[in-house]
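The values are calculated or read from the model by the stated rules, or taken from the named source; none is laboratory data. All values reported here derive from a predicted model rather than from experimental measurement. Glycine gets a Cβ as well: all are built from the backbone with ideal geometry, and neighbour counts include every protein chain shown.
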């Protein structure tokens, strides 16, 4: 395994791959810093471009955007209380008070170090867990895959920061949208209102509409909080010794929490950061300081969302089941390049697998290097007015959506989903569960139908096969927990 | 925040939940209705209509539950304010996409880019026409450079 990793490192250190890794993390850092454009939009935009790259380079670059955005997301959260990414919402709670107290430098240092340590620990876990997981997954049959996808969807809808009922509704809507097109088993056309839809609704159009376009509409004309854009000097970043001692245990706890939630299919970086904050608040010696700039409450969530971003690759790479919407887009990049994700990926494509994992180590190092010393540049980036950014992003959306399948219909589909996405924002429905349902839907249906066909329509096989029984038990436990917690609230 | 604005906020949020739930009920029933025309099959050999029928009905039930929950009293903290509906931004941004789709094939990438960016910029009320024309010109030049010259996408710069 060590040799494989070394081989992966040698791959990544080749100039071309190093360039793609650098481009990826740089773009991630930029979209993370700028509120109003997320990593999801950036990845969806670049997905058509991966046609022209080899799969390893594609995945290295897209993954770089993903974890890079976590570093950048903290900056606008701390300085302006504007979360650049969903995962950095929690960062505002403790980071902004610190900035108001003139300690922005310390807050930025803490998040950068926490992000780096979280990422590296998450990557180590990924290295240790991915191969055994893939070997284990080779024993999976259709019932196990169906149960696992179901567990992921339940986790995505029930473990969320919003309403659980709404989460379930969005997953169902996503599953339905995923059905559009010709049925894999029979070739029967379902809901094909225009001929282009025979291949299904374009993933890019859905992702761009729900996230990119809807976010732009929401952000236009929104007053930005007046600048606390004080100059941040490198000197102000250095922590005192007791402050350093204060942030080390939270970083480790946050990495643990984040790693666990990242590895679970259906939950990603955003939820991990919320959970890590909750844990920190509970174990804190001085809970009264929380909300007023407590360093542990800043360090733990940042470590958690980065760790989760890395361990999120465990189900993605070893099972072929994406943990969240971003992972699903990355799987899309593999599928575009003709690589079938699944437990065989590790043995079929060792170069890709180890190259991508090694790129995490390199990419995070690059991020740590470009993050703090260039802080002035990132701060200036935040102050670019939105009217300069959004028309250009919109143009990229148009060209990206169109060129994915050379289809004008997909551009109109994007309009529809932009409208739906904005309506969902107004009505407080979350878009992430919808997208996950849309992507996992075909996988769920195919495996469920296959399981029923093989086992003669007998539903009990889901509880008589041991692995599937454990997964079903997890589903039941999750539902029971959700019911219990919502009854307790009333 | 005055008490009055609090009440208004609450009413509007409830209203939105009700509308959202109703939309889901209609969507779910519509999907189930269409799917009932497809071959449903048996448990062992499921037809293409099986999944949409089940999912459509489940969505309708969920939507109904959301409507019920919207009427029940809730705690204030569950109603984050999403701000006013930005009609102008919505129309301009979605219109910009429509303009791109309509112009791309007849007119070509450069005019389509110009129009898209210009329409999108109308969303910001305070921008002056000169700024819009200048920025849209720059953006269409940039589109030509990046998408056609650098990436070599199979698109024509000018359609006529």
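For residue A:438, the requirement of being surrounded by 20 or more Cβ atoms within 10 Å (Cβ to Cβ), over 25 Å from the mean Cα position of the chain (by Cα) and either within 7 Å of another protein chain (Cβ to nearest Cβ) or in a helix (DSSP H, G or I) (or both) is not met. All told, residue A:36 falls short of being under 25 Å from residue A:287 (Cβ atoms), modelled with pLDDT under 85 and surrounded by fewer than 23 Cβ atoms within 10 Å (Cβ to Cβ). If you go through the range A:443-469 and keep only what is touching a strand residue (DSSP E or B) at 6+ places or on another chain (Cβ under 9 Å) and surrounded by 20 or more Cβ atoms within 10 Å (Cβ to Cβ), you end up with A:445, A:448, A:449, A:452.
Within the range B:100-118, being within 9 Å of chain A (Cβ to nearest Cβ) and more than 13 Å from residue A:402 (Cβ to Cβ) holds for B:117, B:118.
Across the range A:150-161, the number of residues qualifying as closer than 22 Å to residue B:18 by Cα and either buried (at least 24 other Cβ atoms within 10 Å of the Cβ) or facing chain B (nearest Cβ under 9 Å) (or both) comes to 1.
Would the range B:124-136 turn up any residue that is farther than 30 Å from residue A:426 by Cβ, within 10 Å of chain A (Cβ to nearest Cβ) and outside any helix (DSSP H, G or I)? No, there is no match, as no residue in the range B:124-136 is farther than 30 Å from residue A:426 by Cβ, within 10 Å of chain A (Cβ to nearest Cβ) and outside any helix (DSSP H, G or I).
Exactly one residue out of A:253, A:218, A:282, A:235 is more than 21 Å from residue A:401 (Cβ to Cβ), within 29 Å of the chain's Cα centre (by Cα) and touching a residue at least 24 places away in the same chain (Cβ under 8 Å): that is A:253. For the range A:335-345, the set of residues classified as touching a helix residue (DSSP H, G or I) at 6+ places or on another chain (Cβ under 8 Å), at pLDDT below 85 and not in a loop (DSSP other than H, G, I, E, B) consists of A:336 only. Only residues that are modelled with pLDDT under 90 and not in a helix (DSSP H, G or I): list them for the range A:302-330, please. Within the range A:302-330, A:319, A:320, A:321, A:322, A:323, A:324 qualify. Hey, any hits in the range A:375-390 for a residue that's at pLDDT 90 or above and either more than 10 Å from chain B (Cβ to nearest Cβ) or out of contact with any strand residue (DSSP E or B) (no Cβ under 9 Å at 6 or more places or on another chain) (or both)? Taking every residue of the range A:375-390 in turn, at least one turns out to be at pLDDT 90 or above and either more than 10 Å from chain B (Cβ to nearest Cβ) or out of contact with any strand residue (DSSP E or B) (no Cβ under 9 Å at 6 or more places or on another chain) (or both).
Among the conditions (1) assigned to a helix (DSSP H, G or I); (2) modelled with pLDDT under 85; (3) over 30 Å from residue A:179 (Cα atoms), residue B:92 misses just one, which is (2). Hey, could you check the range B:18-46 for residues that are assigned to a loop (DSSP other than H, G, I, E, B) and more than 10 Å from every other protein chain (Cβ to nearest Cβ) and say which is surrounded by the fewest Cβ atoms within 10 Å (Cβ to Cβ)? Per the criteria, the residue is B:37.
Step by step: first the residues of the range A:342-356, then only those that are surrounded by fewer than 24 Cβ atoms within 10 Å (Cβ to Cβ) and under 20 Å from the mean Cα position of the chain (by Cα), then the one that is nearest to residue A:138 (Cα to Cα). Which residue is that? Only one residue fits best here, namely A:342.
In the range A:267-275, is there at least one residue being without any contact (Cβ under 8 Å) to a residue 40 or more places away in the chain and over 14 Å from residue A:113 (Cβ atoms)? Yes: the range A:267-275 contains one or more residues that are without any contact (Cβ under 8 Å) to a residue 40 or more places away in the chain and over 14 Å from residue A:113 (Cβ atoms). Answer with yes or no whether residue A:109 is away from chain B (no Cβ under 12 Å), outside any helix (DSSP H, G or I) and either more than 21 Å from the chain's Cα centre (by Cα) or modelled with pLDDT of 90 or more (or both). Judged against the criteria, residue A:109 is not a match.
The set of residues from the range A:317-341 being farther than 30 Å from residue A:283 by Cβ and within 11 Å of the chain's Cα centre (by Cα) comprises A:322, A:325, A:328, A:329, A:330. Scanning the range A:417-435 for residues that are modelled with pLDDT of 90 or more and more than 9 Å from chain B (Cβ to nearest Cβ), we see that the one that is surrounded by the fewest Cβ atoms within 10 Å (Cβ to Cβ) is A:420.
This table checks each residue for (1) touching a residue at least 12 places away in the same chain (Cβ under 8 Å); (2) touching a strand residue (DSSP E or B) at 6+ places or on another chain (Cβ under 6 Å); (3) closer than 25 Å to residue A:51 by Cα.
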position	(1), (2), (3)
A:400	yes, no, yes
A:412	no, no, yes
A:427	no, no, no
A:430	yes, no, no
A:434	yes, no, no
A:441	yes, no, yes
A:486	yes, no, no
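Candidates are the residues of the range A:394-409 that are surrounded by fewer than 23 Cβ atoms within 10 Å (Cβ to Cβ), more than 8 Å from every other protein chain (Cβ to nearest Cβ) and part of a helix (DSSP H, G or I); the one that is modelled with the highest pLDDT is A:409.
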